[in-house]
Amino acid sequence: MNKPALKTAVLGLGRIGWAFHVQQIVKQPGFELAAVVDPLAERLREAAAQFHPGACYTSCEALYAHQKPDLVVVASPTSFHRQQVLQAFDHGCDVFCDKPLAVSLQETEQIIAAMQRTGRKLMVFQPHRVTPETCALKAIFSDGWLGKIYLVKHSVTNFIRRCDWQAFRKHGGGMLNNYGAHYIDQFLYLNQSKFRKFSCELRAVATLGDADDVVKAVITAENDVILDLDINMASAQPMPPWYIAGSCGTAVYEAGRQEWTLTYFEPGELTRIELQSGLAAANRAYSSGETIPWKTRIIRNQDYPAIDFYEKCREYFAGDRAPFVPVSDTHEVMRALFECRRNAGWDE
Ligand SMILES: NC(=O)c1ccc[n+]([C@@H]2O[C@H](COP(=O)([O-])OP(=O)(O)OC[C@H]3O[C@@H](n4cnc5c(N)ncnc54)[C@H](O)[C@@H]3O)[C@@H](O)[C@H]2O)c1
């Protein structure tokens with residue numbers, strides 16, 4: 001017998017609530033758009049006309065006075081997340097929360113403690129886990145062509161004079177919180193190792209507010225892989241988006257063609273070289289003179305289809321599958337944001 005659809009309420013009808021969550025919920029089997037909440041009446045009217053939710057409310061208090069959703073999707077500005085997640089748990093609802101889970105590590109730990117106390121389910125939306133780009137990268141990480149990967153350089157560049165709530169520190173804005181939450185999670189997902197060392201610089205350059213729009217972070221994982229992350233929203237020229245180096249080769253990304261070029265060798269094909277023991281370099285040569293038998297492999301994103309995130313939601317919230325984004329990963333990402341901010345001298 002089919003399970004009844006999850007009665008789902010969406011909090012916040014902005015960029016992500018409107019363009020992604022509501023659209024997914026109305027089209028995905030297993031979900032019913034029971035309610036939408038937004039303080040802006042015109043957004044509720046727009047949602048009523050287009051998506052026909054069960055009900056529209058201007059506040060969460062009004063929602064819980066009338067309904068008990070199975071699942072609450074939190075897509076409001078980040079500074080509301082903690083209070084709205086705790087409120088949902090208190091009303092017996094599970095929560096699918098947009099990233100970042102909260103504005104601080106302290107708030108994150110309060111949320112996780114409440115999740116454990118109430119026995120509710122919680123998962124954070126991390127869409128960069130499911131893109132073809134990440135699925136192709138997952139294959140590059142697991143298939144071993146590059147040998148032992150030791151460095152991941154990832155750059156995201158643009159020039160934006162930021163002027164919305166994301167421009168303000170008091171609202172939990174800034175590009176470390178905003179994009180850092182994506183790319184640090186993506187690295188954690190690909191590399192499957194917690195973090196042990198953080199170095200970070202933050203600047204507010206092109207933004208009209210006081211929150212960071214330039215992030216330079218170097219994060220070392222417990223397995224010694226280094227993430228060198230640039231999020232630069234004050235850059236007139238793009239930086240190369242990806243450079244991934246391993247002991248046997250390197251991968252670079254061609255964003256236009258959506259493909260990865262791997263240059264690598266098979267260790268068994270290298271010639272044998274003796275390590276010199278003396279202090280006079282043999283033949284006054286600067287290198288061994290060997291020719292590396294380089295191979296090239298092209299990995300195309302199109303061969304790695306995107307994963308459907310709401311299917312992962314259904315498996316977790318309506319079924320008994322483990323969460324696609326475990327809360328332990330969310331804690332690790334939020335710890336990384338905290339440590340980066342602290343290292344940069346932009347304490348919470
Ligand atoms: N996963 C992603 O790719 C992605 C993309 C964009 C935003 N986000 C995250 O989603 C959240 C929302 O960001 P956005 O860009 O959609 O913001 P937005 O400014 O576009 O929209 C926010 C919406 O929330 C409403 N709102 C304000 N106060 C509210 C409250 N107390 N309760 C309910 N709704 C309220 C606003 O009226 C507005 O409609 C942020 O945490 C952001 O980091 C994630």
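The values are calculated or read from the model by the stated rules, or taken from the named source; none is laboratory data. Quick caveat, the model's predicted, so the values are computed rather than measured. Note that each Cβ is placed from the backbone with ideal geometry, even for glycine, and that neighbours are counted across all protein chains shown.
Numbers at a glance
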{"read-out": "Residues located in the stretch 28-45, provided they are more than 10 Å from the ligand (Cβ to nearest atom), within 23 Å of Glu61 (Cα to Cα) and buried (at least 16 other Cβ atoms within 10 Å of the Cβ)", "value": "Phe31, Glu32, Leu33, Ala34, Ala35"}
{"read-out": "Total residues in the stretch 294-315, condition farther than 19 Å from Cys135 by Cβ and either buried (at least 19 other Cβ atoms within 10 Å of the Cβ) or touching a residue at least 60 places away in the same chain (Cβ under 8 Å) (or both)", "value": "1"}
{"read-out": "Cβ pairs under 6 Å, 6+ apart, first in the stretch 151-177 and more than 10 Å from the ligand (Cβ to nearest atom), second among the aromatic types (Phe, Trp, Tyr) and part of a strand (DSSP E or B)", "value": "Lys153/Tyr243; His154/Trp242"}
{"read-out": "Options Val103, Val85: the member that is buried (at least 17 other Cβ atoms within 10 Å of the Cβ), β-branched (Val, Ile, Thr) and closer than 18 Å to His21 by Cβ", "value": "Val85"}
{"read-out": "Failed criterion for Ala75 (all others in (1) in contact (Cβ under 8 Å) with a residue 60 or more places away in the chain; (2) within 28 Å of Asp320 (Cα to Cα); (3) more than 8 Å from the ligand (Cβ to nearest atom) hold)", "value": "(3)"}
{"read-out": "Restricting the stretch 312-342 to residues that are in a helix (DSSP H, G or I) and more than 18 Å from the chain's Cα centre (by Cα), the residue that is nearest to His81 (Cα to Cα)", "value": "Phe317"}
{"read-out": "Single match in Ile16, Ile25 (criterion: within 13 Å of the ligand (Cβ to nearest atom) and at negative phi)", "value": "Ile16"}
{"read-out": "Selection within the stretch 137-150 - in a helix (DSSP H, G or I) and in contact (Cβ under 8 Å) with a residue 24 or more places away in the chain", "value": "Leu137, Lys138, Ala139, Ile140, Phe141"}
{"read-out": "Checking Arg120 against (1) outside any helix (DSSP H, G or I); (2) within 12 Å of the ligand (Cβ to nearest atom); (3) buried (at least 18 other Cβ atoms within 10 Å of the Cβ), the condition it does not meet", "value": "(2)"}
{"read-out": "First in the stretch 183-196 and in the same structural domain as Leu229 (by TED's automatic domain parsing), second anywhere and in a helix (DSSP H, G or I) and of a type in the set (Gly, Ala, Ser), Cβ under 7 Å, 6 or more apart", "value": "Ile184/Ala336; Phe195/Ala336"}
{"read-out": "Ser193 being at negative phi and either within 16 Å of the ligand (Cβ to nearest atom) or not in a strand (DSSP E or B) (or both)", "value": "yes"}
{"read-out": "Residue in the stretch 235-252 that is of a type outside the set (Val, Ile, Thr), crowded, with 16+ Cβ neighbours inside 10 Å and more than 26 Å from Gly144 (Cα to Cα) present", "value": "yes"}
{"read-out": "Sole exception among (1) closer than 30 Å to Gln302 by Cα; (2) among the β-branched types (Val, Ile, Thr); (3) not assigned by TED's automatic domain parsing to the domain that holds Gly173 for Thr108, by number", "value": "(1)"}
